[in-house]
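Okay, structure first, notes after.
The values are calculated or read from the model by the stated rules, or taken from the named source; none is laboratory data. Only a predicted model underlies this, so the values are computations on that prediction, with no experimental measurement involved. No Cβ is skipped: glycine too gets one built from the backbone with ideal geometry, and neighbour counts run over all protein chains shown. We work out accessible area using only protein heavy atoms, side chains counted, and drop any ligands, DNA or RNA first. Shrake-Rupley method; radii C 1.70, N 1.55, O 1.52, S 1.80 Å.
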Amino acid sequence: EMETENSGADRKATSHNHTNEDPCINQQVPSSPPSSSTLQHYENRKEHEKQTGQQANQNIIHQPRPRPYSHPRPRDAPSATFTVDPHLNNIYNREQFGVVLVAAWPPNQSLTGPYERFIRQVKQCFDSVDLDLNSVVNEDHDGDGGEKTLQQKQQQHSPNVYLYPAQHLHITVATFHPFNHSFAFSNNGSSDNDSDSCDRDRDHDSYVKICQKIVRNAMQRAEWPKDPFRVQIDGAQIGEKAGVLLWNDSCNDDDDDDDDGPQGQGSFHIIRKLVKEEYDKAVADYNASSVGENEENNYYMPKGKELIVPNIIHSTFLRFGGKPHTDGQLIQNRFQSLVMKDKLLNEIFQDGIVVESIKMVVEKRAYMHIPCDEHHVFESCDL
């Protein structure tokens with residue numbers, strides 16, 4: 001998803017107001033008015049954290065990581081500066097069109113249980129102001145000229161640091177169409193913004209039909225995994241654009257055999273390889289068919305459309321709804337000491353996560369903030 005979402009899945013909109021809820025956060029920013037000596041204590045603490053951790057953090061960011069961080073790394077590297085996500089608020093009320101193949105969604109207890117412990121640690125990396133809902137908006141009036149309520153504002157705006165609710169975690173296998181890319185339609189190449197709604201729905205449905213056939217053909221291949229498989233934690237980071245959990249797929253069965261093949265050749269590699277082969281075959285068949293044949297079969301594929309396959313296995317857990325008030329270097333220092341130090345991450349996710357299903361989903365809300373139902377899931381394979 002990191003690759004997918006940097007180049008370009010619909011979740012239930014969930015607002016998280018963490019004000020005064022997490023005792024660890026309140027240790028950083030007291031809820032009652034602090035005295036001048038207390039304020040000086042916090043300023044001294046922050047300055048101390050910056051100075052003592054700066055050199056170590058620079059080494060972490062700029063030097064190659066030791067094992068087990070041995071697999072491809074995200075292009076969005078750890079950073080002390082952060083970019084606001086322009087699509088994040090679309091999780092609340094804007095309908096999108098994306099087509100993705102995802103794994104481990106909805107997540108089972110093997111992920112949701114450890115994740116709750118993990119996210120408690122992540123919260124301590126930020127001052128509480130960054131986890132509060134941002135109710136300051138440029139537009140203070142609703143469409144009828146009335147004042148927007150605080151609840152309306154909160155429903156439409158994310159906190160500076162948006163932490164994914166557990167039910168929206170997923171691993172992107174491949175992306176047929178990113179939700180944040182325009183879709184070229186059959187009527188003279190028009191896009192989502194200027195296409196007639198009937199043409200838009202027809203072409204969306206036609207493309208989804210092609211994607212369904214591709215996924216179904218891949219699932220029927222002899223090499224397709226038949227049983228649930230396990231992926232192990234391989235790292236975590238807070239990058240410029242997002243925070244991600246990284247997974248290792250090279251040894252993903254539960255027996256003692258060492259016959260998993262070369263590093264990175266586990267079940268995810270196989271699934272992605274099969275889907276890519278079927279996708280390429282479908283494109284060739286589509287291009288070789290006449291316009292009449294494709295119209296008769298209700299097939300439509302935009303010219304030059306390519307399948308996006310990430311080179312990493314990851315789950316995004318954080319995005320930026322605004323510029324964090326917490327110093328970026330301080331965030332990285334805290335992340336290293338509170339999350340990554342002494343193999344705590346490996347301890348939290350010591351059993352890995354079990355992948356029990358693969359689903360082809362139409363993303364009608366950004367970043368898989370969607371329910372798992374027949375309106376969004378168009379193909380599914382339980383392992």
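Here are a few things to note about the model shown:
- In segment 306-327, the residues that are surrounded by 17 or more Cβ atoms within 10 Å (Cβ to Cβ) and under 18 Å from Leu131 (Cα atoms): Thr316, Phe317, Leu318, Arg319, Phe320, Gly321, Gly322, Pro324, Thr326
- Pairs linking a residue in segment 335-357 that is more than 25 Å from Pro106 (Cβ to Cβ) to a residue that is of a type outside the set (S, T, N, Q) and in a loop (DSSP other than H, G, I, E, B), with Cβ atoms under 8 Å and 6 or more positions apart or on different chains, are Phe335/Cys125; Leu338/Cys125.
- Among the residues making up segment 250-297, those that are at pLDDT 80 or above and either of a type in the set (S, T, N, Q) or on the phi > 0 side of the Ramachandran plot (or both) are Ser267, Asn287, Ser289.
- Any chance Gln220 is at pLDDT 95 or above, open to solvent by 60 Å² or more (accessible area, probe 1.4 Å) and closer than 24 Å to Tyr299 by Cβ: yes
- Total residues in segment 82-131 satisfying the condition of being open to solvent by 20 Å² or more (accessible area, probe 1.4 Å), of a type in the set (S, T, N, Q) and farther than 30 Å from Ser182 by Cα: the figure is 6.
- Residue list for segment 284-304, filter: crowded, with 18+ Cβ neighbours inside 10 Å and of a type in the set (D, E, K, R): none
- Looking across segment 342-380, the residues that are among the basic types (Lys, Arg) and in contact with an Asp or Glu (Cβ under 8 Å, 6 or more places away or on another chain) come down to Lys359, Lys364, Arg365.
- Any chance Asn311 is assigned to a loop (DSSP other than H, G, I, E, B), polar (S, T, N, Q) and out of contact with any Lys or Arg (no Cβ under 6 Å at 6 or more places or on another chain): yes
- Qualifying residue in segment 170-186 (condition: buried (at least 18 other Cβ atoms within 10 Å of the Cβ), assigned to a helix (DSSP H, G or I) and at pLDDT 90 or above): no
- Boolean, Lys273 is over 23 Å from Ala242 (Cβ atoms) and open to solvent by 40 Å² or more (accessible area, probe 1.4 Å): yes
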